[in-house]
Amino acid sequence: MVNQDNQGLQENRVFAPPAEFVANAAISGMDAYNKLCAEAAGDYEGFWARLARENLDWHKPFTSTLDESEAPFYKWFADGELNVSYNCLDRNLKNGNAGKTAIIFEADDGKVTRATYQELYEKVCKFANGLKSRGIKKGDRVVIYMPMSIEGVAAMQACARIGATHSVVFGGFSAKSLQERIIDAGAVAVITADEQMRGGKHLPLKTIVDEALALGGCTTMKDVIVYKRTGGNIPFVEGRDTWLHDLVDAQPAECEPEWVGAEHPLFILYTSGSTGTPKGVQHSSGGYLLWAALTMKWTFDLKPNDVFWCTADIGWVTGHTYIAYGPLAVGGTEIVFEGVPTYPNAGRFWETIDKHKVSIFYTAPTAIRSLIKAADVDPKVHPKNYDLSSLRLLGSVGEPINPEAWMWYYKNVGREKCPIVDTFWQTETGGHMITPLPGATPMVPGSCTLPLPGIMTAIVDEAGQDVPNGQGGILVVKRPWPSMIRTIWGNPDRFKTSYFPEELGGRMYLAGDGAIRNKETGYFTITGRIDDVLNVSGHRMGTMEIESALVANPIVAEAAVVGKPDDTTGESICAFVVLKQARPTGEEAKKLALELRNWVAKEIGPIAKPKEIRFGDNLPKTRSGKIMRRLLRVLAKGETITQDVSTLENPAILEQLKEAS
Ligand code: WT7
């Protein structure tokens, strides 16, 4: 169903980019933007070929730009060869950046560790040699289950260096989720840490890896490599487990990169869809890195003296493109942050910006909203109490930013002198798709404005026909682009049906979001997912996954999960559950709800815990037995049902599900 919500459409404040910013920007002014768009429209392949030659170092130059012969399995720069780690590291040593700080690591407790490009290069080479010494080679899959650390970034770069395909699993996922990903990817090794530190707490990682492997089925797994982060006491399995320092310390600090074809899979990253198990989104090497580098220049306008801070975790795509690869590919200096925004207090972001003189700051609306609340409660942590004068650009990612949060961010963090780039993109798109350019695009709070040059986004109806501006529809991309998803690992059919559905003609990329364009400006506003995918605090989750986790509990007969709007997290998870026993009420309902919430945390991870669970004798169903989720969404919001319920088999149930048991 197409979501035609018109949130943000009444917004008519326009904020021009500051003149000083425009004067020095990589893409300076709308004319420069329009010129690039015209170049792409005039000669699409020539445009991308030029950018790929200018922005990447190729070991073997490509002669073929876009190969559509197996569409929608598109290939970019296919006969070219390169190495991603070479482009991020060696290239910087050659460019005179050897002594430049690549990474400033800000630990949970505030301790700072730095790595220059030379040091990072050596670390990655040793790491790569260590992986090779364990027999890990080009084409193997390696799962990375690591805390935010220089070692985490080095692990990804080391895989890239030897041509191994990594699959990073967010440290908040459960043993079962980890096991499923190891099996699906057919991983030969897991790189992990003893523990991670978050908000002053020690959280286990290695023991979760042990649990995941103990669940069985990980038949391809041979090695567990453990980075000693805390020195916590953890069990060790002889022959299988190796300390990272034992593996790498004696290795040579040079490692010839493995040259790979541009289409070689750099990584697989699992993300949720509307049905079934998480999908392994497969990305390429050449096209992906091109866009990671280029969007650092275009969207973030990165300059040699910038200090760039993306607050995402390397377990998500934002941490891949805008921590592990993009900033290094353009020789930037970046912060890698281990902690959480609220520890030791909710001023941590602002304090850290001041401490490291951060100039470009990229975070999620959820974090901004929670820090607005925190500053209301405790004025000491309001950004006005910190020196944020180093900032020159702000970014937002992961979910729609509501105009109120945008204004607060603009005024209080950016002091009305920093443009805000509201970047719309997805795990599948590899990098930014629709975003203001900070030195060109007039900004409207709540709108991601216009597509980047070369990105052919459009809004269509359910038959794939363009809809006029001002009318909501389905967001699509009409032409393939270099950093797009290549396939779903091991499931090409699901790739086709999920992203290139026949109903839309089979050649348009379906983003899964609804959108609307402003009548006058053509600006895009994203109106939310059109499938059963939830976005909770910028974390993407499928309702089906949570339902499957719930019904896997022996006391549960049936479950339906819907999203409910939430002031802080954007959406929250509301589960309607039918138990095999009689419907619980009062204290018993509370106890069972808690039990089920913890169960979901164990099955998937704490991020998937329903905020609310309502028990019913049944769920609202049509006569053919289909659960009517649209009614559940209304009930979750606490609104009265005004829709037609004539097809409902059991209307009486609605009354029971109106509120918590
Ligand atoms: C979904 C993708 C983008 C990388 C991190 C999340 C939503 C993302 C925005 C934005 C409105 C946004 C969409 C999208 N989304 N950015 N600026 N404005 N919505 O990647 O986990 O793959 O989630 O996040 O719904 O489809 P992801």
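The values are calculated or read from the model by the stated rules, or taken from the named source; none is laboratory data. In this text the structure is predicted, and so the values were computed from the model without any measurement. Cβ sites come from the backbone with ideal geometry, for glycine too, and all protein chains shown count toward neighbours.
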Selected residue [touching a residue at least 12 places away in the same chain (Cβ under 8 Å), over 30 Å from LEU51 (Cα atoms), away from the ligand (no atom under 16 Å from the Cβ) and surrounded by 18 or more Cβ atoms within 10 Å (Cβ to Cβ)] from VAL381, VAL358: VAL381
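Assess whether LYS132 counts as being farther than 18 Å from LEU82 by Cα and of a type in the set (Lys, Arg).
yes
Please verify whether segment 4-13 includes one or more residues that are out of contact with any strand residue (DSSP E or B) (no Cβ under 8 Å at 6 or more places or on another chain), free of Cβ contacts under 8 Å to residues at least 40 places away in the same chain and of a type outside the set (Val, Ile, Thr).
Yes - at least one qualifying residue is present in segment 4-13.
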Qualifying residues in segment 481-493 (those that are surrounded by fewer than 18 Cβ atoms within 10 Å (Cβ to Cβ) and part of a loop (DSSP other than H, G, I, E, B)) - the one nearest to the ligand (Cβ to nearest atom): ASN491
Candidates ILE573, ILE526 - the one that is among the hydrophobic types (A, V, I, L, M, F, W, C), more than 20 Å from VAL634 (Cα to Cα) and within 16 Å of the ligand (Cβ to nearest atom): ILE526
From LEU654, LEU648, grab the single residue that is surrounded by 18 or more Cβ atoms within 10 Å (Cβ to Cβ), farther than 30 Å from LYS373 by Cα, free of Cβ contacts under 8 Å to residues at least 60 places away in the same chain and out of contact with any Leu (no Cβ under 7 Å at 6 or more places or on another chain). LEU648
So which pairs qualify, if the first residue must be in segment 23-45 and more than 15 Å from LYS478 (Cα to Cα), the second must be part of a helix (DSSP H, G or I) and charged (D, E, K, R), the Cβ gap must be under 8 Å, and the two must be at least 6 apart or on different chains? ALA26/LYS297
Within segment 196-219, of all residues that are touching a strand residue (DSSP E or B) at 6+ places or on another chain (Cβ under 8 Å) and in contact (Cβ under 8 Å) with a residue 40 or more places away in the chain, the one nearest to PRO147 (Cα to Cα) is GLN196
State whether the residues of segment 494-507 include one that is away from the ligand (no atom under 15 Å from the Cβ) and within 18 Å of the chain's Cα centre (by Cα). no
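Table: residues versus (1) within 16 Å of the ligand (Cβ to nearest atom); (2) part of a loop (DSSP other than H, G, I, E, B); (3) over 16 Å from PRO436 (Cβ atoms).
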site	(1), (2), (3)
VAL336	no, no, yes
THR342	no, yes, yes
SER370	no, no, yes
ALA374	no, no, yes
SER389	no, yes, yes
ILE401	yes, yes, no
GLU404	yes, no, yes
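Any idea which residue in segment 188-221 is surrounded by the most Cβ atoms within 10 Å (Cβ to Cβ), counting only those that are among the small types (Gly, Ala, Ser) and farther than 22 Å from ALA608 by Cβ?
ALA193
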Unmet criterion (only one of (1) within 22 Å of VAL421 (Cα to Cα); (2) within 16 Å of the ligand (Cβ to nearest atom)) for ASP531: (1)
Residues of segment 420-444 classified as more than 18 Å from VAL476 (Cβ to Cβ) and more than 8 Å from the ligand (Cβ to nearest atom), total: 11
Within segment 247-267, does at least one residue satisfy the condition of being touching a helix residue (DSSP H, G or I) at 6+ places or on another chain (Cβ under 7 Å) and assigned to a helix (DSSP H, G or I)? yes
Report yes if some residue within segment 79-88 is small (Gly, Ala, Ser), out of contact with any Gly (no Cβ under 9 Å at 6 or more places or on another chain) and within 30 Å of LEU247 (Cβ to Cβ); otherwise report no. yes
All but one of (1) crowded, with 21+ Cβ neighbours inside 10 Å; (2) within 23 Å of ASP301 (Cα to Cα) hold for ARG348; state the number of the condition that does not hold. (2)
How do the pairs read when you match residues in segment 577-598 that are farther than 13 Å from ALA559 by Cβ with residues anywhere that are at pLDDT 95 or above and loosely packed, with under 12 Cβ neighbours inside 10 Å, using Cβ under 9 Å and keeping only pairs 6 or more apart or on different chains? PRO584/LYS591
Subset of segment 461-480 that is within 16 Å of the ligand (Cβ to nearest atom) and free of Cβ contacts under 8 Å to residues at least 60 places away in the same chain - its residue that is nearest to VAL14 (Cα to Cα): LEU475
